[in-house]
1. Step through the residues of region 88-95 one at a time and calculate ³J(HN,Hα) from phi using the Karplus curve (6.51 cos²θ - 1.76 cosθ + 1.60, θ = phi - 60°), rounding each to whole Hz and writing x for Gly and Pro.
2. The chain: Rg/Rh from Cα coordinates, Kirkwood Rh?
3. Tell me the label-point distance for the pair ALA203, THR151, using the 7 Å Cα-to-Cβ offset, in nm and rounded to one decimal.
4. Hey, if you put +1 on the Cβ of every Lys and Arg and -1 on every Asp and Glu Cβ in the chain, which of GLY27, GLN42, PRO164 ends up farthest toward the positive end of that dipole?
5. Counting residues in region 73-157 as N, plug N into 2.2 N^0.38 Å and put the Cα Rg over that result.
6. Place the peptides 158-167, 17-26, 190-199 in order of packing, highest mean first, counting for every residue the other Cβ atoms within 10 Å and averaging per peptide.
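Readers should treat all values here as calculations from the given coordinates under stated rules, not as data from a laboratory. The shown structure was predicted, so the numbers you read here are calculated from the model rather than taken from an experiment. Reconstructed Cβ throughout: ideal geometry from the backbone, glycine too, with neighbour counts over all protein chains shown.
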Amino acid sequence: MAEAFAHIASELVELATTLHSRGLLQGTSGNLSAVVNDQPLQVAITPSGADKGQLSVSNILSIDENCGVLNQAQGKPSDESPLHIAVIKARGAGAVVHTHSVWATILSDLHFHEGGLTITGYEMLKGLRDVQTHEHRERIPILENSQIMTTLARDVGEILEREPDAHAFLLRRHGLYTWGRDLNEAKRHVEILEFLFETVGRASGGFK
């Protein structure tokens, strides 16, 4: 188990560094997690308040399904750990990535009162799991942001139950949450969705 955790921790650091370099995890924003063990649930997750461009394997925490810390890493788990657990349970995800991009932040506010953002007609949609055509309609739910994580985690579980085909959700004026069977798939979903957010934002004519 220790070897598996070390491998996943290394992958989290590598992905965090990559996303930071692309402007998706600026400052201390965002968080990443990956499942180490299913039963009992053990999740590797980035620490709260850390610069994602300067992480090391020793910074990665191990938590259980109640967000209790299982290892001796310094720092505390992300405050949004309950959201990661909610996604893992609702989707059977192997990894969850939360980014803070300009386009996700803008669109999450503009489309909040519609309850979500629908994207269709773009070839890049085929990069999402099980999507076979550009004619696919991807609806990305948008939730109101909150600092009460237990309530927000409950809301996440409910919205994912109501929207079983969604590959992601947005928090208003906050950012993107997406997931995958593993970190590679979660990374691909981040890349696809962030590309589409910028495309939709620019195509709206309101941004240059």
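1. 4, 6, 6, 10, x, 6, x, 7
2. Values: Rg = 16.2 Å, Rh = 17.0 Å.
Expressed as Rg/Rh, it is 0.95.
3. If labels sit at ALA203 and THR151, their model points lie 3.6 nm apart.
4. Farthest along the dipole direction, towards plus: GLY27.
5. Numbers: Rg = 14.9 Å, N = 85, 2.2 N^0.38 = 11.9 Å.
Working it through for region 73-157, the quotient is 1.25.
6. Working: 158-167: 14.2, 17-26: 18.3, 190-199: 20.4.
Result, highest mean Cβ count within 10 Å first: 190-199, 17-26, 158-167.
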